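Asker: For reference, the structure I am asking about is given below.
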Amino acid sequence: MILVALIGVGVGGTVHKVGDSSGWTMMGVDYQAWASSRTFQVGDSLVFEYNNEFHDVTEVTPHDFELCYSSNPLARYQTGSDTVTLTKPGFQHFICGVPGHCDIGQKLHILGFPASLGPVAAPVPGPVRSPSSYMSPSPSPLATSPTNAPQ
Ligand code: CU
């Protein structure tokens, strides 16, 4: 029952805890390295764990992401334990909106894949072909080697 409640966010989606045990922090977590080791799909969830006295989660445009500009957010989360479910494929960009934090690395962008493109696709076994017996070409003798009398 507890387990169901924990993983029951979205139907079968994977829950990704941002930064793993470090959570959402400005203290030395490389979030792009964290993201690069994972595959994100529509239906998955990102969980941001942090102290909301010091941080927030601000979803921004790619442009604002590059600039660490948080004043025009697409969404803002401030509970300290925020679950963001991926509802569409494509990039999503998150920064901390507290001044200075994004600049020193508290920023994350992820690429969500469509749910249909599962990373684990079972290979379909094709029909096994028995090698058909074939005739090896018998060497046809090249009979005539002209004898030239060199002069
Ligand atoms: Cu912060």
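Asker: Scanning for something of a type outside the set (Ser, Thr, Tyr) and either in contact with a Pro (Cβ under 8 Å, 6 or more places away or on another chain) or modelled with pLDDT under 95 (or both), does the stretch 54-62 turn up at least one residue?
Answerer: Yes, that holds for at least one residue.
Asker: Filter the stretch 22-37 for residues that are touching a residue at least 40 places away in the same chain (Cβ under 8 Å), in contact with a strand residue (DSSP E or B) (Cβ under 7 Å, 6 or more places away or on another chain) and within 16 Å of Ser81 (Cα to Cα) and give the result.
Answerer: Across the stretch 22-37, the qualifying residue is only Trp24.
Asker: Moving on. Which of the residues spanning the stretch 1-35 are surrounded by 10 or more Cβ atoms within 10 Å (Cβ to Cβ), within 15 Å of the chain's Cα centre (by Cα) and at pLDDT 95 or above?
Answerer: If the condition is that a residue be surrounded by 10 or more Cβ atoms within 10 Å (Cβ to Cβ), within 15 Å of the chain's Cα centre (by Cα) and at pLDDT 95 or above, then Thr14, Val15, His16, Lys17, Val18, Gly19, Tyr31, Gln32, Trp34, Ala35 are the ones that fit.
Asker: Every residue in the stretch 53-69 that is within 10 Å of the ligand (Cβ to nearest atom) and not acidic (Asp, Glu), please.
Answerer: Hits for the stretch 53-69 are Phe54, His55, Val57, Thr58.
Asker: Being more than 10 Å from the ligand (Cβ to nearest atom) and either modelled with pLDDT of 95 or more or over 12 Å from the mean Cα position of the chain (by Cα) (or both) is the filter here; which residues of the stretch 37-51 pass it?
Answerer: Once the filter is applied, which keeps residues that are more than 10 Å from the ligand (Cβ to nearest atom) and either modelled with pLDDT of 95 or more or over 12 Å from the mean Cα position of the chain (by Cα) (or both), the stretch 37-51 yields Arg38, Thr39, Phe40, Gln41, Val42, Gly43, Asp44, Ser45, Leu46, Val47, Phe48, Glu49.
Asker: From Phe40, Phe65, Phe91, grab the single residue that is surrounded by fewer than 16 Cβ atoms within 10 Å (Cβ to Cβ), aromatic (Phe, Trp, Tyr) and either touching a His at 6+ places or on another chain (Cβ under 9 Å) or in contact (Cβ under 8 Å) with a residue 12 or more places away in the chain (or both).
Answerer: Just a single option satisfies the conditions, and that option is Phe91.
Asker: In addition: Among the residues of the stretch 94-110, how many are near the ligand (Cβ under 10 Å from one of its atoms) and buried (at least 20 other Cβ atoms within 10 Å of the Cβ)?
Answerer: Qualifying residue count, the stretch 94-110: 7.
The values are calculated or read from the model by the stated rules, or taken from the named source; none is laboratory data. Model, not experiment: these values are computed from the prediction. Cβ: placed from backbone, ideal geometry, glycine included. Neighbour counts: every protein chain shown.
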